[in-house]
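K.L.:
Got a structure here, written out as structure tokens. Questions coming.
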Amino acid sequence: MIGYVKGRVLSFSDGAVLLENNGIGYEITCSASVYGRLVNDMEGEVYTYMAVKEDGVSLYGFSGQEEKNMFLSLISVSGVGPKMGIAILSGMNLKDLMVKIATGDVKGLSSVKGLGKKTAERIILELKEKMGASGGEQLNATAGADTSAAVSELASGDEDAAVALMGLGFTRGECVKALKAARAAGAETAEQLISYALKHIK
């Protein structure tokens, strides 16, 4: 399994680059952000996913493990293949994608070229449930464990936003701080809260 490649760009076309490493050229289909960076610098590194099918082997490249993990989550959804996964990651930045999934924004997600409403609904249904499940487990595990001001009670209705954020891998303390700051900045809806938190969690 090839999980990472670093080297110089020999050629590029239509979202794919030929990245040379130690005399071997790897043809990698990249998300838009990675493709732009590699083409601009003519060298760089990518985290990769190798898809093996009957008709051949393909490599897909990502900016980091977080983007790769989102890709793996996307292609776990029925009807979403690697090409569509790359198209979704290329259609919006990672944090915007997380917000749309966490808040159930079908219209925003289906704005990606080639992604229909039904598939967008399926992505949100399956991935939002996964986020909610993992966030809920963490919420139960940490509830009452930390009595500091940082994890004091959230405003009414913000627990769902906290669960969604924790499902994305953030700690409860990080979520509470970010959500309180979001409220103070004027965020009101779940989408505004999560969007603000994703941009400001450190």
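The values are calculated or read from the model by the stated rules, or taken from the named source; none is laboratory data. If you're wondering where the values come from, they're calculated on a predicted model, not measured in any experiment. Every residue, glycine as well, gets a Cβ built from its backbone with ideal geometry; the counts of neighbours run over all protein chains shown. Accessible surface areas use protein heavy atoms only, side chains included; no ligands, DNA or RNA. Shrake-Rupley method; radii C 1.70, N 1.55, O 1.52, S 1.80 Å.
K.L.:
May I have the pair-distance distribution P(r) for region 54-125, computed from all Cα-Cα distances with 10 Å bins from 0 and rounded to whole percent?
P.N.:
In whole percents, the pair-distance histogram is 20, 59, 19, 3.
K.L.:
What are the ³J(HN,Hα) values, in whole Hz, obtained from phi via the Karplus relation 6.51 cos²θ - 1.76 cosθ + 1.60 with θ = phi - 60°, for each residue of region 176-183 in sequence order, with x given for Gly and Pro?
P.N.:
4, 4, 5, 5, 5, 5, 5, 4
K.L.:
With the radius of gyration and the Kirkwood radius both derived from the Cα set of region 22-68, what is their ratio Rg to Rh? Show your work: numbers first, answer last.
P.N.:
Numbers: Rg = 11.3 Å, Rh = 11.4 Å.
Reported Rg/Rh (Cα atoms, Kirkwood Rh): 0.99.
K.L.:
Which lysines have a Cα lying under 28 Å from the Cα of Lys117, excluding residues fewer than 8 positions away in the same chain?
P.N.:
Leaving aside lysines fewer than 8 places away in the same chain, those within reach of Lys117 are Lys53, Lys68, Lys83, Lys95, Lys100, Lys107, Lys128, Lys130, Lys199.
K.L.:
Taking loop as defined by DSSP and a crowding limit of 10 other beta carbons within 10 Å, which GluC sites (Glu not before Pro) in region 34-130 fit?
P.N.:
Glu54
K.L.:
Then there is this: Top to bottom by accessible area (1.4 Å), largest first, where do Met84, Met70, Met1 land?
P.N.:
The ordering from most to least exposed comes out as Met1, Met84, Met70.
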